[in-house]
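Working notes, beginning with the structure itself.
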Amino acid sequence: MRLKRILVKSAIVVASLLVLAIIVLAILWLAAKVVPDFYAEALAVDPAGQRTANDTLIQKATVLVSDVQKTGKWEALFTEQEVNAWLAVDLKENHGASLPSGIADPRIVIEPDGLQIACRARRGGIETILSVAIDAYLAEPGVVAIRIRRARAGILPLPLANILELISDMGDRKGLRIRWQQADGDPVALVSVNPVVKGNKSVVLDELEIAESEVYLSGTTDKSR
């Protein structure tokens, strides 16, 4: 009888632990499914308006490419609305293969104190909303610093190792030279942006400003060397 009671108690303990584990896993699963407010708002934008804003960004980018080919100063201003429209329309329709496997529907929020980027992420049959908070600034002329503040799956904190791997992978895809360093414990990607354009002219990014819902760029194209 004593052995029977021990077995019954053991079975109850095991069952309780299993129930607790299931509850914890369910909570974690639900937490990973939470959609950040800014991402939900960006996805809910009117498609017709997105088309117009996408066309505006492409026009600005075309002008920028033309200006960069010429000797002298150049500048451009892109808004959050335009960037998100391009991500929703042109990227999805014409450049979807440029995204890493399992990543879809990226969107961005541009704020004076940094950027927030979110996307749908699927790996191993599990789908979540991956969001990353970063600072972007010019470390020196021609070198953009991207400081990764935090990463989340839904509302769950994520280790940054996978994010760093993702950034490095995207850099390799685009042929960008990326160096890594740290700032107060945060990883910082240093991305060199020093293209050479037609006529053997060198292009240097001199200014990068992040303001409320917009990004300003300016630089110089030097004469042929």
Selection status of I167, in contact with a Gly (Cβ under 7 Å, 6 or more places away or on another chain), within 28 Å of L77 (Cα to Cα) and at pLDDT below 85: no
Test: residue in region 48-65 that is hydroxyl-bearing (S, T, Y), more than 20 Å from the chain's Cα centre (by Cα), part of a helix (DSSP H, G or I) and more than 30 Å from D222 (Cβ to Cβ): yes
Residues satisfying the stated conditions in region 115-159, i.e. of a type in the set (A, V, I, L, M, F, W, C) and either touching a Pro at 6+ places or on another chain (Cβ under 6 Å) or over 20 Å from V188 (Cα atoms) (or both): A118, C119, A121, I126, I129, I148, A153, I155, L156
Within region 66-86, considering residues that are in a helix (DSSP H, G or I) and of a type in the set (A, V, I, L, M), the one nearest to the chain's Cα centre (by Cα): V83
Residue match in region 107-125 (condition: exposed (fewer than 15 other Cβ atoms within 10 Å of the Cβ), under 16 Å from the mean Cα position of the chain (by Cα), basic (K, R) and not in a helix (DSSP H, G or I)): yes
Residue match in region 175-195 (condition: of a type in the set (D, E, K, R) and either within 22 Å of R107 (Cβ to Cβ) or within 15 Å of the chain's Cα centre (by Cα) (or both)): no
Close pairs (7 angstrom Cβ cut-off, 6 or more residues apart or separate chains): over 21 Å from A104 (Cα atoms) in region 40-62, surrounded by 13 or more Cβ atoms within 10 Å (Cβ to Cβ) and modelled with pLDDT under 95 anywhere: T56/E82; K60/A76; K60/F78
Single match in V215, V132, V191 (criterion: in a strand (DSSP E or B), under 26 Å from A97 (Cα atoms) and at pLDDT 90 or above): V215
Options I210, I163, I148: the member that is in contact (Cβ under 8 Å) with a residue 40 or more places away in the chain and either of a type in the set (K, R) or farther than 23 Å from L57 by Cα (or both): I148
Boolean, S131 is small (G, A, S), surrounded by 15 or more Cβ atoms within 10 Å (Cβ to Cβ) and under 19 Å from I108 (Cα atoms): yes
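The values are calculated or read from the model by the stated rules, or taken from the named source; none is laboratory data. Just so you know, these numbers come straight off a predicted model, no measurement behind them. All Cβ positions, glycine included, derive from the backbone under ideal geometry; neighbour counts span all protein chains shown.
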